[in-house]
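Here is the structure we will look at.
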Amino acid sequence: MIEEEAALRNGSRGLPPGPWAETAGPRPRTTERRITVHKRLVLGFAVSILALLAVTMIAVLLSVRFEECGSAAVGPPRAGGNGSLSGASWQPPGAGQSPGRSAEEARDREAAEEEEEEEEEWQRRQELPPWARPRLPRHLRPLHYNLMLSAFMENFTFSGEVNVQLEVRNASRYIVLHAHRMHIEAVRVAEDKLAGGVRVARTFFYPQTQMFVVVLNRSLEVQRSYNLKIIYNALIENELLGFFRSSYVLHGERRFLGVTQFSPTHARKAFPCFDEPIYKATFKISIRHQATYLSLSNMPVETSVFEEDGWVTDHFSQTPLMSTYYLAWAVCNFTYRETVTKSGVVVRLYARPDAIRRGSGDYALNITRRLIEFYEDYFKVPYSLPKLDLLAVPKHPYAAMENWGLSVFVEQRILLDPGISSILYLLDVTMVIVHELCHQWFGDLVTPVWWEDVWLKEGFAHYFEFVGTDYLYPGWNMEKQRFLTDVLHEVMLLDGLASSHPVSQEVQQASDIDRVFDWIAYKKGAALIRMLANFMGHSVFQIGLQ
């Protein structure tokens, strides 16, 4: 034990004397040589593997470079102006390629190179190109749209031709507008109908902002008017946005209809346009469809042209200045009932033939006539259009949409049988109709510049739900009583949460727009307007609105 401790103090492995000590002597030198040889073998093997990897990487890089050189020489298909491929498949030189196709591929390569150069130029300026920004550039203003559509309900597609009259505010060689989920067939730009065209260098989509860019060979001149013509086609969607389809069953037969929902940013799915509220313009719409259908739009039909093959083209009157989001049209085989206001406004309710036959829309039709007369007297501003159509559809993303002259409702919010429906259901239908009719003034006639102030139109419409219902049913005291429980008290609870926000919200991107349509905008906006009316006095408030 003492010898073991002494050995430990000396730093050796000190084993006690005994039979084990003899075997634990110094390591033989032959063993050390063998370990050294093994290390060298492992090191050599690792070096060989690294060399093999390096040779492989060099070979791969050389092959890729060789393929790129070959591709540049042959010219494989590249993305064209509308995003489609200019060729169906890659072929070696001379394998069925015509001289015209080779020239087209050369132009595509040249256009792609120019696009890359322009993007590099914007990067050098440390600026985003106009099509990469969330809002449209301000150098152009649309004055008038002439839109011609052909709806093919048998395969749920449509084709269109839009002619946009543009006013140039600042010189630019770019025309940037919205377009999404469509195929562009042709683009033409002309200074006017008599002068020659302005050559289009190329066109392309920018999906990140849902914009379509027309690049010209020269800049557009300031304070001049130009015509932009675009021919395109797209699908009648099945997603309840844009130009979409719906269906119903009548006598065991499924029937289809097409209708639009453009608010807030879905007009760009139906036609290329400047899809922001500030860009108000006039619209002249023509719709070609099978004679078994009828078509509706914001304005009444001006003329109808019947063709021998069973098709008809309806030409609608020109609209007043309006934004794209409440433009509307429909292709359906509904029937209608009609009434007329004291000022001569024709009011029609379109619905499924069996619903019209049962009189399910009579209540909505009658109160609509009375409400138009009420609003005209209250605001001292006459209804701006010669007609108002109420369209009851089986499916819709919202309870209703206030399209100017063609308001669309889901059936459950406009059709009822007064002899069967409950008072609560009748009240619900009444308030929805009152809300949408108020939008014919607040929202359609007068429109917020941008979506951050959507509370102005929705707050007024929500407040007048109670004012208008009081006009129809004075004994219900909606504005004095029901408003407090359904709006004021409820929104005060919401506004007390940490997640609350001001009624006016900043909106930077299109994806932010939907979130501003919440109860803060509707109910808090309505509560603020009601507070202002009560503070000023209703008579003074009414005069101020007028």
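Which links in Lys229/Lys284; Lys480/Lys523; Lys229/Lys280; Lys280/Lys457; Lys229/Lys457 stretch past 22 Å when you go from one Cα to the other?
Too far apart for the 22 Å limit: Lys229/Lys457.
How big is the charge dipole of segment 132-333 about its Cα centre, in debye rounded to the nearest 20, if each Lys and Arg gets +1 on its Cβ and each Asp and Glu gets -1 on its Cβ?
Dipole of segment 132-333, to the nearest 20 debye: 1000 debye.
Using only the heavy atoms of the protein chains and a 1.4 Å probe, how would Lys395, Lys523, Lys284 rank by accessible area, largest first?
Lys395, Lys284, Lys523
Could you report segment 448-545's accessible area per residue, 1.4 Å probe, as an integer in Å²?
For segment 448-545, the solvent-accessible area averages 51 Å² per residue.
Could you state the principal axis extents of the C-alpha atoms in segment 132-333, from the largest down, to the nearest angstrom?
Principal extents (largest minus smallest coordinate, Cα): 59, 36, 28 Å.
Let me see the pair-distance distribution of segment 240-279: every alpha carbon pair, 5 Å bin width, integer percents in order.
Per 5 Å bin, starting at zero, the Cα-Cα P(r) for segment 240-279 comes out as 6, 23, 22, 15, 12, 8, 8, 4, 2, 0 percent.
Among Leu472, Leu456, Met431, whose Cα sits farthest toward the positive end of the charge dipole of segment 422-486 (+1 at Cβ of Lys/Arg, -1 at Cβ of Asp/Glu, about the Cα centre)?
The residue sitting most towards the positive pole is Leu472.
May I ask you to give the percent of accessible area on segment 132-333 that is carbon plus sulfur, with a probe radius of 1.4 Å?
C and S fraction of accessible area: 49 percent.
Would you mind classifying segment 464-546 by shape? Square roots of the alpha carbon gyration tensor eigenvalues, ordered a ≥ b ≥ c; an a/c under 1.5 is rounded, otherwise it is prolate if a/b is larger than b/c and oblate if not.
Because a/c hits 1.5 or more and a/b exceeds b/c, segment 464-546 counts as prolate.
For Asp309, Asp428, Asp444, give the ranking by accessible area with the largest first, probe 1.4 Å.
Asp309, Asp428, Asp444
If I ignore ligands, DNA and RNA and count only protein heavy atoms, how much of Thr209 is accessible to a 1.4 Å probe, in Å² to the nearest 10?
30 Å²
Using a 1.4 angstrom probe and counting only protein chains, how large is the accessible area of Met431 in Å², to 10?
For Met431, the solvent-accessible surface is approximately 30 Å².
What is the Cα centroid distance between segment 323-372 and segment 502-532, reported in whole angstrom?
30 Å
So what J values fall out for segment 417-425 if you push phi through Karplus, 6.51 cos²θ - 1.76 cosθ + 1.60 with θ = phi - 60°, rounded to Hz, Gly and Pro as x?
Karplus-based 3J(HN,Hα) across segment 417-425 equals 10, x, x, 10, 5, 6, 5, 5, 5 Hz.
Could you run the Karplus curve 6.51 cos²θ - 1.76 cosθ + 1.60 with θ = phi - 60° over segment 270-284 and give me ³J(HN,Hα) per residue in whole Hz, x for Gly and Pro?
9, 6, x, 7, 8, 8, 9, x, 5, 8, 7, 8, 8, 10, 10
Among Ser247, Pro207, Val187, which residue has its Cα furthest toward the positive end of the charge dipole of segment 160-311, with +1 on Lys/Arg Cβ and -1 on Asp/Glu Cβ?
Pro207
Near Lys342, which lysines are there with a Cα under 21 Å away, not counting those fewer than 8 places off in the same chain?
Lys380, Lys387
I'd like to compare 497-505, 479-487: which one has the highest average count of other Cβ atoms within 10 Å, and what's the full order after that?
Highest-to-lowest ranking by the protection proxy: 479-487, 497-505.
In segment 406-538, what percent of the accessible surface is made up of carbon and sulfur (1.4 Å probe, ligands and nucleic acids excluded)?
For segment 406-538, the apolar C and S fraction of the accessible surface comes to 63 percent.
Once all Cα-Cα distances of segment 395-546 are split into 10 Å bins that start at 0, what whole-number percent is in each one?
10, 36, 38, 14, 1
The values are calculated or read from the model by the stated rules, or taken from the named source; none is laboratory data. All figures in this text were calculated on a predicted structure; none of them were measured in a lab. In this analysis, Cβ positions are derived from the backbone assuming ideal geometry, glycine residues included, and neighbour counts consider all displayed protein chains. Quick note on the areas: whole protein, heavy atoms, side chains included, nothing else; ligands and nucleic acids left out. Shrake-Rupley method; radii C 1.70, N 1.55, O 1.52, S 1.80 Å.
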